[in-house]
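Notes follow the structure.
Rule-based calculations on the coordinates, nothing more; no lab input. Owing to the predicted nature of the structure, the values given are computational and were not obtained by experimental measurement. Note that we place each Cβ from the backbone using ideal geometry, even for glycine, and neighbour counts take in every protein chain shown.
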Amino acid sequence: MNHRERPIHHLDIQSLTKRFDPSSPPAVQDVSFHLRTGEILGLLGPSGCGKTTTLRMIAGFTRPDGGEIFLEGTSVASLPPERRRIGFVFQDYALFPNRTVLDNLVFALHRKKRAIRKGKARDLLALVGLSREEGRFPHELSGGQQQRVALARTLAAEPELILLDEPFSNLDAALRESTRAEVRSLLKCAEMSAILVTHDQEEALSFCDTLGVMNAGTLEQRGTPEEVYLTPRTPFVAQFLGRANLLRGTARGTTARTDLGDIAIHPAAEGSVLLSLRPEHLTLQPLAAARSRSDSPRITSREFRGHDLTYRVAFMNQEFLVHTDYTCDLPPGSAVALVPRRPGVVLQEPGLCRRG
Ligand code: ATP
């Protein structure tokens, strides 16, 4: 099937559920999402939230207790892993140590005609930028280069979809950033759909087109990195992805009465609400001595971070985190006004439905 004829939803996951132990809550519960052709989705969440289990069910290594998996519109739930045309890149590259880079790829092409294997292996090495290293053994490559060989080996099987489980976690920080950028551009060049599992939020934001944030086996929010970061739906998502100040208020339409005064909110709501304000969406205004009172917001700490500053501000038994640019330079102990620059985001709380 050529690329243009593919269905829009390349992968469709419906109500996927897995319970390993009848006395514990499910590892994955009622997870549904779809992936467009060529989309890179990041599954993000704390340790034990069910990311790997979700990936393993898609790949066919773990049998779901419920739900459906459609690839290109066809159910693959009853197919063994090798018939799903899904490639899996693990944290551990598992290359053959006693074969050269070229031979590792030639071996991965064993289903192709013998005469074309070497040529195809060289094409894949050129794709991942390792043509000059074809005669080396895995231990003669850096971690990032090994990971690129592992990716080339996965591409050799011509998968429809690639699953990447923490593929960069064995690399040191500098190599991780460059390898991640290279792997992303390779996937984009190959128009490959992919799911990346990670608990590194910066990695998820920079590598993925869309994100799914998982918590305790469920998918709490799915959207573009901007949507999930700027309009988190739940307190968990607000606090897991970046930092967030949570604030109670009483809403009336698009404003809410809070400890910070009447502030704009989004979306409109009525009654008691929990709001999220990112630290960079708050500003500090110094209060003149005449206006400062003993209960005014007060800076308790200031952290210089080169391009910006992080302040902690105590107010009404709460600590607010504020990121400002380097021009807002105030000493600890200063009385300030805390002023939101963007509307507070109304969060959904379990059991409550307050949106207007
Ligand atoms: P991490 O980021 O630490 O890899 P994760 O989000 O990928 O975590 P999973 O590996 O999917 O989480 O595990 C989800 C839950 O299922 C955990 O409580 C884990 O202990 C449990 N679990 C995973 N695999 C098995 C198994 N084979 N048998 C029993 N329990 C399992």
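Numbers at a glance
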item: Lysine pairs meeting the criterion (Cα under 24 Å, 8 or more apart or interchain), as found in the chain; result: 4
item: Inter-centroid distance (Cα atoms) of the stretch 117-175 relative to the stretch 181-204, Å; result: 14
item: Relative exposure of Lys120, Lys18, Lys51, Lys113, judged by other C-beta atoms within 10 Å (fewest first); result: Lys113, Lys120, Lys18, Lys51
item: Net charge contributed by nearby residues that have their C-beta within less than 14 Å of Ala126 (K/R +1, D/E -1); result: +1
item: From phi via Karplus (6.51, -1.76, 1.60), per-residue ³J(HN,Hα) for the stretch 66-72 in Hz, x at Gly/Pro; result: x, x, 9, 10, 10, 10, 6
item: Value of Rg/Rh across the stretch 69-216 [Cα atoms, Kirkwood radius]; result: 0.97
item: Normalised per residue, the volume of the convex hull around the Cα set of the chain (Å³); result: 174
item: Orientation-averaged projected area, Cα convex hull of the stretch 1-142 (nm²); result: 11.2
item: Distance between the stretch 9-72 and the stretch 289-330 - C-alpha centres, whole angstrom; result: 42
item: Long-range HN-HN contacts of Ser193 with modeled amide H, under 5 Å; result: Gly38, Ile162
item: Positive minus negative residues near Thr283 (Lys, Arg vs Asp, Glu; Cβ under 11 Å); result: 0
item: Net charge over other residues, Cβ less than 15 angstrom from the Cβ of Asn170 (K, R count +1; D, E count -1); result: -4
item: By average C-beta atoms within 10 angstrom, highest first, the peptides 139-150, 294-305; result: 139-150, 294-305
item: Among Ala115, Ala173, Ala156: highest mean-square fluctuation, GNM of the chain, C-alpha pairs under 10 Å; result: Ala115
